[in-house]
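In what follows, a structure is listed as structure tokens, so that the remarks can point back to it.
Just so it is clear, none of the values below were taken in a lab; they were calculated from the coordinates. None of these values were measured; they are calculated from a predicted model. A quick note on method: Cβ atoms are made from the backbone with ideal geometry, for glycine too, and the neighbour counts reach across all protein chains shown.
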Amino acid sequence: MTNTKLIPEIYGEAKYCFLSTPDTFFDEKEGQYSVTLNVPKANAGALIRDINEVIKSVLTNGESLDAAKKPYGVEGDLVWFKTKTKFKPTLWDKNQKKIEDNVNVWKGSTMWVKCIASGYRKNGVGATLLLSGVQIDKLVEGTGEGTGACPFPVRANGSTESVLPVKEVI
């Protein structure tokens, strides 16, 4: 067994998506590009098996697969897989056309990702999924500030009255 394995494709719906800009929550300097995909449990068995094989390759005597850190988890009928990279991935659409860098990919987008499962023994034992490619099937696009439009109606200068119709109560 080897401590790395190419995962040819994972197809799913983005749950958390940082493909356009890096997530800087844990790494303020550089950040990480990542996507967590929800995959139906029925389609996840081979992926889980391949990741678990990589984890088993780095286990030593007495260590349990159950205690290892895994880049997946089960929630009801879905399995989520978290992939990540320090480098901005090139994004492709389903027609093999490059997606421009100014397009913001949001959760709800469906996509295929290629990654490498890599086992590790630093700060515990487990595996990570190193993102190597992304092809978008259905794009959900947005901006960092929501839609970019004000969600409130235009109000007269200084008005405190609602613009919504209110039924008169007697």
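For segment 44-131, GluC sites (Glu not before Pro) meeting the loop criterion (DSSP other than H, G, I, E, B) and having at most 11 other Cβ atoms within 10 Å: Glu100. Positive-end ranking of Val35, Cys17, Cys115 along the dipole of segment 4-138, with charges on Cβ about the Cα centre, is headed by Cys115.
With 25 Å as the limit on Cα-Cα distance, the pairs of Lys29/Lys82; Lys56/Lys138; Lys56/Lys98; Lys41/Lys82 that go past it are Lys56/Lys138; Lys56/Lys98. Residues in segment 95-108 carry Karplus couplings, in order, of 9, 6, 9, 5, 8, 4, 5, 7, 7, 9, 7, 10, 4, x Hz; the curve used is 6.51 cos²θ - 1.76 cosθ + 1.60 with θ = phi - 60°, and Gly or Pro positions show x. Phi angles across segment 117-133 convert, under the Karplus curve 6.51 cos²θ - 1.76 cosθ + 1.60 with θ = phi - 60°, into 3J(HN,Hα) values of 7, 10, x, 8, 10, 8, 6, x, 10, x, 9, 10, 9, 8, 5, 10, x Hz, Gly and Pro given as x.
Beta bridges per DSSP, both residues in segment 4-138: antiparallel share near 85 percent.
Model label points for Asn123 and Tyr11, set 7 angstrom from Cα along the Cα-to-Cβ axis, are 3.4 nm apart. Around the Cα centre of segment 4-138, unit charges on the Cβ atoms of Lys, Arg, Asp and Glu (plus for the first two, minus for the last two) sum to a dipole of about 220 debye.
Extension gain, Val74 to Lys41, is 11.1 nm, computed as 0.36 nm per intervening residue step minus the present C-alpha separation. With a Förster radius of 41 Å applied to the beta-carbon distance between Asn95 and Asn3, the computed FRET efficiency rounds to 0.70.
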